[in-house]
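A short worksheet on the structure shown next.
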Amino acid sequence: MSVIAAATRRTALPTAAARGIRPGRVALHGFLIAMTAVWLFPLFWAIYSSLRPISDTIQHGYLSWPSGGLSLANYQTVWMQADLPYYYLNTLVIAVPAVILTLLLASMVAFACTQFSWRFNLTTLMIFTAGNLLPPQVIIVPLYRIYLSTPIPMLGSIDIGKFSFPLFSSNGLLYDQYIGIMLIHIVFQTGFATFVLSNYMKTISKEITESAIVDGAHVLRIWWSIVLPLCRPALAAMATLLFTFIYNDFFWALILISTGDKRPITSALNNLQGEFFVNNNLIAAGAMLVAIPPILVYIFLQKQFIAGLTLGSTKG
Amino acid sequence: MGDSRDPSRIRVPFSGQKIQIPGTDIELPMGLDLSRRDVLKIAGYGSLAAFIAACGGTGTTTTTTSVTAKGGSMSLGSYLSDAVPKKGLQDVVDAFTSANGGTKVKVNTVDHGTFQNQINSYLQGTPEDVFTWFSGHRMRFFAKKGLAQPIDDVWNDVKSNFTEGFAASVKGDDSHVYAVPTSYYPWAIFYRKDVFAAGNYKVPTNWDDFKALCEQMKKDNLTPIAFADKDGWPAMGTFDILNLRLNGYDFHVGLCGGQQKWTDPKVANVFKKWAEITPYYSPAFAGLTWQEAAQQLLHKKAGMYLLGLFVSEQFVASGNPDDLAQLDFFPFPDVGSQYDAEKALDAPIDVYMLAKKSPTLGSDSGQAKAFLEYMSKGSSQITYWKASPGAIPTANDADPSQYPALTKKAAQIVSSAKRITQFFDRDSRPDFSGPNSMQGFLLKYLSNPKQDTGTLQGQMQSFWDALPPE
């Protein structure tokens with residue numbers, strides 16, 4: 001397919017150039033440029049605001065040329081005042097183990113459901129997929145109670161600067177702990193990850209696993225040494241998606257964490273607002289900084305990310 | 001790694017009733033299996049208490065009945081999250097630590113919005129010993145739910161330092177005291193002195209003068225009254241003051257509390273009166289935030305603005321000291337009713353309270369109460385105010401000599417008010433003051449102020465009636 005498409009494109013290009021600029025193409029590009037401008041406008045507006053001191057915008061309004069010059073002062077203030085470095089760390093402490101564990105667990109379920117035929121394998125898969133459809137808000141009250149009455153061992157903590165990262169728990173409970181947030185992310189993301197991974201694994205031919213069995217590999221060995229390496233593109237795409245999902249989450253930490261210093265980066269922006277007065281330029285600077293990591297992840301894993309979007313879409 | 005689950009460290013919340021060991025501060029949750037170590041501990045404390053009681057020295061009795069304790073540690077949950085008030089609190093906490101024998105204070109700062117939204121789950125979970133909160137219905141609600149600890153003992157020691165108005169504002173429905181008031185700010189009509197001087201405007205003291213002034217400003221191409229209601233709550237300030245002036249404090253409080261009916265013709269009068277000044281409001285106010293309306297005042301595009309003292313923050317942020325120097329205010333004009341004499345106004349009070357479910361309150365109670373006593377001193381409130389001058393100290397012995405003119409005047413109009421309310425969303429149920437209820441109703445009213453408000457009032461009342469019991 002793609003070879004034919006490439007060939008047609010190669011033959012089509014010179015003729016288009018020879019024919020000169022067609023009005024259709026002008027309209028198309030005009031439309032594309034306009035759409036790009038519309039989409040980028042708020043972003044550039046935010047960047048522009050973030051470079052101006054609040055007094056400048058109060059004196060002259062947002063629709064004005066900078067009179068006092070542009071500076072990175074807001075970024076500096078945000079970095080210090082909102083303790084951003086620590087909040088990045090908070091999110092990492094939650095997101096990295098959560099992504100790894102989700103992928104491990106989801107690949108196990110997908111492996112068992114697709115590589116072996118047993119009575120309830122389809123049912124199991126459906127349950128996992130259905131769990132993905134449950135709105136998190138539905139379970140929040142019972143979850144809050146469960147978290148408050150689940151004892152978790154306290155095994156000391158690792159102190160970094162003024163923040164302290166407890167091993168397992170710092171208050172003997174699941175409530176108000178990194179591990180609690182990590183767990184609920186794993187639970188909720190496993191459904192989606194299982195769905196995607198199982199679709200991918202269905203394309204792995206049975207012969208490969210069967211020959212592994214003949215060679216004497218046991219189930220875990222097949223999973224770890226045969227199936228997982230074959231799933232690498234799917235796993236990379238899932239890792240990108242999951243990281244973005246968990247990075248962007250605001251909801252779980254809002255309800256299950258009561259210590260301000262343990263909240264993830266998304267909530268750090270709120271620390272920049274006063275009870276009444278809001279310095280929008282400062283918030284714009286903070287929002288820019290907070291948006292950087294997912295953008296970086298996307299740029300570096302773009303190939304997998306796009307592959308991941310269509311994963312399993314054409315595979316029965 | 002071994003078994004590090006120390007049984008005494010695993011807390012079981014919601015264990016229901018508790019019994020207190022006589023002579024000690026230890027509370028025992030009932031119906032909980034205790035480890036051997038716990039039993040020994042209790043036996044130890046018990047016999048110690050018995051021993052002290054047996055010794056019966058007069059000197060020891062005074063120390064054991066002391067409300068506060070020095071040294072040790074305590075925790076504090078704070079919504080003072082943005083830089084300025086956060087530093088103010090840190091200054092006070094540091095001063096408290098050195099004044100109270102080195103008490104370690106662990107401060108948990110949660111951003112203001114989240115703290116308010118999550119207060120319910122926060123107080124039922126693992127709250128800190130002391131927390132920052134608001135007076136009014138918001139305080140009484142959590143007192144009634146048993147999530148706040150009464151502090152009558154602290155109040156007995158400090159009450160001479162507060163006026164009666166403040167004393168009334170910290171009492172729960174059971175007439176126990178639940179909070180220590182530390183700061184407040186009034187709502188009033190703000191204006192720029194230079195604009196009033198240039199237009200030769202006089203501060204209006206009655207309704208007719210007020211309307212005449214609006215008319216004059218309109219002729220002079222000024223927006224007479226800056227108004228913004230995108231966030232829903234600012235309009236409630238105007239409703240409060242009109243209702244207070246026309247129908248009096250008792251009716252207003254009754255209305256907020258559900259003892260009075262929204263269908264009362266008195267409420268219709270408020271809306272009718274309000275409609276007389278809505279033509280003078282900022283254009284497209286439903287899409288403006290208070291900061292944008294304050295901006296109109298700052299830029300001399302609007303003449304007056306009814307808002308809280310926090311409007312000055314916009315003037316501070318403008319970076320031009322002259323803007324702040326020009327800012328002044330006057331109390332809402334008399335409307336010619338018998339309630340004008342009350343001089344009532346909204347002056348929300350911020351308080352500190354004790355969280356009953358705090359896992360550490362049992363051991364930190366003395367330190368936490370010492371902190372509350374410390375916060376009730378004028379000198380500590382001034383320490384906070386110096387770093388964060390947005391609100392005014394509540395204590396009688398707070399030295400006003402350092403206040404700028406605006407703060408002095410604000411303190412003065414509140415002290416001359418015979419009745420003080422807290423602002424609608426602090427005086428009424430939270431589920432009646434939200435965007436779907438009162439805020440929405442007021443926006444609906446403001447979209448057509450000349451309407452017959454009968455239907456709207458009916459909707460308000462049926463919304464109230466449909467609310468579940470608190």
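The values are calculated or read from the model by the stated rules, or taken from the named source; none is laboratory data. In this text, all values refer to a predicted model and were calculated from it rather than measured experimentally. Please note: Cβ atoms are built from the backbone with ideal geometry, for glycine as well, and neighbour counts cover all protein chains shown.
Is there a residue being of a type in the set (Asp, Glu), in a helix (DSSP H, G or I) and under 30 Å from B:PHE141 (Cα atoms) anywhere in region B:261-269? Within region B:261-269 (the criterion being of a type in the set (Asp, Glu), in a helix (DSSP H, G or I) and under 30 Å from B:PHE141 (Cα atoms)), the answer is no, since none of the residues qualifies. The residues in region A:135-166 that are of a type in the set (A, V, I, L, M, F, W, C), under 30 Å from A:PHE111 (Cβ atoms) and either part of a helix (DSSP H, G or I) or free of Cβ contacts under 8 Å to residues at least 24 places away in the same chain (or both) can be counted, and the count is 4. Selection of region A:201-212 for residues being touching a residue at least 60 places away in the same chain (Cβ under 8 Å), not in a loop (DSSP other than H, G, I, E, B) and not polar (S, T, N, Q) yields A:MET201, A:LYS206. Within region B:367-379, the set of residues being closer than 18 Å to B:TYR178 by Cβ and either crowded, with 23+ Cβ neighbours inside 10 Å or out of contact with any Asp or Glu (no Cβ under 7 Å at 6 or more places or on another chain) (or both) comprises B:ALA368, B:LYS369, B:ALA370, B:PHE371, B:LEU372, B:TYR374, B:MET375, B:SER376. Here is the figure for region B:320-330: residues that are closer than 25 Å to B:SER183 by Cα and surrounded by fewer than 20 Cβ atoms within 10 Å (Cβ to Cβ) total 6. All of (1) part of a helix (DSSP H, G or I); (2) within 13 Å of another protein chain (Cβ to nearest Cβ); (3) farther than 30 Å from A:LEU51 by Cα hold for A:TYR175 with one exception: (1).
Candidates A:ALA239, A:ALA268: the one that is farther than 19 Å from A:GLN137 by Cβ, crowded, with 18+ Cβ neighbours inside 10 Å and touching a Phe, Trp or Tyr at 6+ places or on another chain (Cβ under 8 Å) is A:ALA268. For region A:63-98, filtering for residues that are touching a residue at least 24 places away in the same chain (Cβ under 8 Å) and within 14 Å of another protein chain (Cβ to nearest Cβ) leaves 11.
Applying the criterion of at least 3 residues that are of a type outside the set (A, V, I, L, M), modelled with pLDDT of 50 or more and closer than 30 Å to B:SER380 by Cβ to the strands (runs of 3 or more DSSP E) found wholly in region B:14-127 leaves B:73-78, B:104-109. Looking across region B:77-102, the residues that are away from chain A (no Cβ under 14 Å), surrounded by fewer than 19 Cβ atoms within 10 Å (Cβ to Cβ) and either of a type in the set (Ser, Thr, Tyr) or touching a residue at least 60 places away in the same chain (Cβ under 8 Å) (or both) come down to B:ASP91, B:ALA95, B:THR97, B:SER98, B:ALA99. Pairs under 6 Å by beta carbon, first residue more than 16 Å from A:ALA98 (Cα to Cα) and within 14 Å of chain B (Cβ to nearest Cβ) in region A:236-264, partner acidic (Asp, Glu) and crowded, with 19+ Cβ neighbours inside 10 Å, six or more apart or different chains? Taking only residues 6 or more apart or on different chains, the pairs are A:ILE257/A:ASP176; A:SER258/A:ASP176; A:THR259/A:ASP176. If the condition is being at the interface with another protein chain (Cβ under 9 Å from one of its Cβ atoms) and touching a strand residue (DSSP E or B) at 6+ places or on another chain (Cβ under 8 Å), then region B:108-125 contributes B:ASN108, B:THR109, B:VAL110, B:PHE115, B:TYR122. When each of B:VAL110, B:VAL105 is tested for being over 14 Å from B:VAL351 (Cα atoms), over 18 Å from the mean Cα position of the chain (by Cα) and touching a residue at least 12 places away in the same chain (Cβ under 8 Å), the lone residue that passes is B:VAL105. Of the helices (runs of 4 or more DSSP H) that lie entirely inside region B:286-350, not one contains 3 or more residues that are more than 9 Å from every other protein chain (Cβ to nearest Cβ) and of a type in the set (D, E, K, R). Within region A:265-293, residues that are at the interface with chain B (Cβ under 7 Å from one of its Cβ atoms) and touching a residue at least 24 places away in the same chain (Cβ under 8 Å) sit with their Cβ atoms under 6 Å from residues that are crowded, with 20+ Cβ neighbours inside 10 Å and acidic (Asp, Glu), at 6+ positions apart or across chains, in these pairs: A:ASN271/B:ASP111.
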